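Below is one structure, written out as structure tokens; the observations come after it.
The values are calculated or read from the model by the stated rules, or taken from the named source; none is laboratory data. The shown structure was predicted, so the numbers you read here are calculated from the model rather than taken from an experiment. Don't worry about glycine lacking a Cβ; one is built from the backbone with ideal geometry, like all the others, and counts go over all protein chains shown.
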Amino acid sequence: MKVEIKQLPKSLIELTIEIPFEDFKKELPCAAEQIAKSKNFAGFRPGKAPYDIIRKEVGEMALLEIASEKIIRQSFYQAIKENNLETIGQPEISVQKLATENPLIYIAKVSLLPEIKLPNWKKIKIEKKKKEISGAEIEKVITDLRKMNAKEVAVDRAIEKTDKVAVDMDILMAGVPVEGGQSKNYIIYMDENFYLPGLTKNLLNHKAGEELNFSHEFPTEFYNKTLAGKKGDFKVKIKSVHKREIAETNDDFAKTLGQKTTVDLQNLVKKNLQNEADQKENQRTEIEMLQKLINDSSFGEIPEILINSEKQKMFAELKAGLQEQGVSFEDYLRNLKKTEEEISKDFSNGAEERAKTALVLKKIAKEEKINISPEEFKEEKTRVRELYKENEHIDERLENPEIQDFIAQSLLNRKVMAVLKQTMDITL
């Protein structure tokens, strides 16, 4: 195997790799077996057709193309290893020559892992803060629990401040219906924050069956930028009014939630709030740790492939979040009055920061000899499979090399973070 290496801009290298046909042709029988398993040949059982029959029927070029996939994959990683190259991401392969009795020649372009100089991270100081849970916070949670467990009774009277109301609502702007502004049987809790501040005041003192017409101004910070700061016309039909009977905070209410006394309920709520606060503080501490590492490290040129990969992840996260809210990506772009390209540009700084984080964690894992054992990887795969057991394609997904790489990298990052927490100077 011959290998020529050429340095390119932006941390790229180009490898021209030549494989002698004598080495390459050893893979042709394997390629024929692969074809035999997926194609029927007259007179032979599946997978049993001889090499000469397969070659005659599908043509030698088909065998060469299939064999080349395996030999390219093997020879590329061999070339990387023999030349002590640290690469990142998948190579871009371009076959230059593929013919019988000729060497296979291809070009592989791939990004090099940039040079990173880490600070003495074991001396970095981090201050961890302990949050004290107040009585007001505990009382708010208990009040919310009381509201969630309120008994609701339909009433034939004017709406009051603590009622639950069901309405049909149409929003118009200059007489034109607003896209997404039509709702049927929309539930409004009169004593809770509505997405349009002040709108519930228009419902007070009205009864079920009434139809209301009024104007209301959208907040200047409204998520839909085409409506922000403007007045909309509302047509509202009140469908039903329910009085909400909210239980008192006493031992009887505590028992409905599985606690013996009010004090037990308060202690449980405090414990849960403390756990939540501790978790948030742990997350904040992790972010500060990584930020200090990045700020105090020096980096070579960050490969474009890394930044683009992080952008793709950020887009996937954004779309998943919008889907949970019932908002399409197209509507999101329309409301922001931005194109996907403009969003991608907005992501550039964040994507570079995330890429640097990945590189720092990778560097620390290498220096500290932190690895993932086959047993750990198998255990993590089992955990992920159980987590997504409702997905009928989960087994197939877990066999995808990219998914496996993601699982392994996530597990490795967690191990690195654990080492950072144990080693850094973290004080309360």
I'd like to verify a number: residues in segment 243-299 that are in contact with a Ser or Thr (Cβ under 8 Å, 6 or more places away or on another chain), small (Gly, Ala, Ser) and not in a helix (DSSP H, G or I), how many?
1
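Give the residue, chosen from LYS2, LYS6, that is surrounded by 11 or more Cβ atoms within 10 Å (Cβ to Cβ) and over 22 Å from GLU65 (Cα atoms).
LYS6
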Helices (runs of 4 or more DSSP H) contained in segment 1-61 and holding at least 1 residues of a type in the set (Lys, Arg):
28-38, 51-58
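Residue-wise test of (1) polar (S, T, N, Q); (2) closer than 23 Å to ALA99 by Cβ; (3) at pLDDT below 80.
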| residue | (1), (2), (3) |
| --- | --- |
| ILE5 | no, no, no |
| ILE17 | no, yes, no |
| PHE21 | no, yes, no |
| GLY43 | no, no, yes |
| GLY47 | no, no, yes |
| ASP52 | no, yes, yes |
| LYS56 | no, yes, yes |
When segment 153-181 is examined, which residues are found to be among the acidic types (Asp, Glu) and either closer than 22 Å to GLY198 by Cα or not assigned by TED's automatic domain parsing to the domain that holds ASN224 (or both)?
GLU160, ASP163, ASP168, ASP170, GLU179
If only one of ALA79, ALA62, ALA108 is under 28 Å from LEU361 (Cα atoms), more than 33 Å from the chain's Cα centre (by Cα), modelled with pLDDT of 80 or more and not β-branched (Val, Ile, Thr), which one is it?
ALA79
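This table checks each residue for (1) surrounded by 14 or more Cβ atoms within 10 Å (Cβ to Cβ); (2) within 28 Å of LYS415 (Cβ to Cβ).
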position	(1), (2)
ALA316	no, yes
GLU324	no, no
ASN335	yes, no
LYS338	yes, no
SER344	yes, no
ILE364	yes, yes
GLU375	no, yes
On the basis of being part of a helix (DSSP H, G or I) and closer than 19 Å to MET289 by Cβ, does LEU333 make the cut?
no
Among the residues of segment 136-144, are any of a type in the set (Val, Ile, Thr) and under 21 Å from ASN205 (Cα atoms)?
no
Give ILE394, ILE426 a once-over and let me know the one that is within 20 Å of the chain's Cα centre (by Cα) and either farther than 29 Å from ILE307 by Cβ or free of Cβ contacts under 8 Å to residues at least 12 places away in the same chain (or both).
ILE394
Scan segment 211-235 for residues that are surrounded by 15 or more Cβ atoms within 10 Å (Cβ to Cβ) and of a type in the set (Asp, Glu) and jot them down.
GLU217, ASP233
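Conditions (1) in the same structural domain as THR162 (by TED's automatic domain parsing); (2) among the aromatic types (Phe, Trp, Tyr); (3) within 30 Å of VAL327 (Cβ to Cβ); (4) touching a residue at least 24 places away in the same chain (Cβ under 8 Å), marked per residue:
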residue	(1), (2), (3), (4)
ASN193	yes, no, yes, no
LEU199	yes, no, yes, yes
PRO219	yes, no, yes, no
ASN224	yes, no, yes, yes
LEU227	yes, no, yes, yes
ASP252	no, no, no, no
THR256	no, no, no, yes
LEU265	no, no, no, yes
ASN275	no, no, no, no
Looking at ILE238, ILE287 in this structure, which one is crowded, with 17+ Cβ neighbours inside 10 Å and of a type in the set (Val, Ile, Thr)?
ILE238
How many of the residues making up segment 199-242 are assigned to a strand (DSSP E or B) and either over 21 Å from ASN185 (Cα atoms) or touching a Lys or Arg at 6+ places or on another chain (Cβ under 8 Å) (or both)?
10
What single numbered condition from (1) at pLDDT below 90; (2) in a helix (DSSP H, G or I) fails to hold for ARG414?
(1)
Apart from one, (1) of a type in the set (A, V, I, L, M, F, W, C); (2) closer than 24 Å to ALA108 by Cα; (3) in contact with a Lys or Arg (Cβ under 9 Å, 6 or more places away or on another chain); (4) surrounded by 15 or more Cβ atoms within 10 Å (Cβ to Cβ) all hold for PHE76; the odd one out is (3)
Being within 30 Å of THR423 (Cβ to Cβ) and either in a helix (DSSP H, G or I) or touching a Phe, Trp or Tyr at 6+ places or on another chain (Cβ under 9 Å) (or both) narrows LYS356, LYS319, LYS311, LYS345 down to just LYS356
